[in-house]
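First the structure, in the form of structure tokens, and then the observations on it.
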Amino acid sequence: FKQPDSIVCLAFPPEGKLLVAGDASGNVRILDKADTRQLVVKAAFPAHKDGPVWALAAHPDGKKIATGGRDKLLKVWDISKAKPA
């Protein structure tokens with residue numbers, strides 16, 4: 001699976017169909033892993049400026065993720081909308 005930038009961290013929402021990846025450029029990608037042979041980018045968005053996404057965590061409801069970056073900010077995102085929650 002090739003990405004435009006190095007993957008720094010991963011989170012697995014509990015429903016088991018998605019994979020969330022944070023990269024070295026501060027972007028987050030929501031990947032659909034329903035087909036075990038191929039990951040499909042469902043959404044991608046800039047999460048943090050000036051560096052990588054260092055941490056990702058998925059909420060137990062599977063609808064939100066939290067990201068932490070080099071910019072020293074913690075952000076919560078609604079992954080169904082790929083926007084801040």
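The values are calculated or read from the model by the stated rules, or taken from the named source; none is laboratory data. Here the structure is a predicted model, which is why all the values come from computation and not from measurement. As a convention, Cβ positions derive from the backbone with ideal geometry for all residues, glycine included, and neighbour counts pool all protein chains shown. The protein model used for the area step is the full one, side chains on, heavy atoms only, and it has no ligands, DNA or RNA in it. Shrake-Rupley method; radii C 1.70, N 1.55, O 1.52, S 1.80 Å.
Looking only at the range 23-55, residues that are on the phi < 0 side of the Ramachandran plot and either out of contact with any Leu (no Cβ under 7 Å at 6 or more places or on another chain) or modelled with pLDDT of 95 or more (or both) come to 21 in all.
Of all the strands (runs of 3 or more DSSP E) wholly in the range 4-85, which have at least 3 residues that are open to solvent by 20 Å² or more (accessible area, probe 1.4 Å) and of a type outside the set (Val, Ile, Thr)?
In the range 4-85, 27-32, 40-46, 53-58, 74-78 are the strands (runs of 3 or more DSSP E) which contain 3 or more residues that are open to solvent by 20 Å² or more (accessible area, probe 1.4 Å) and of a type outside the set (Val, Ile, Thr).
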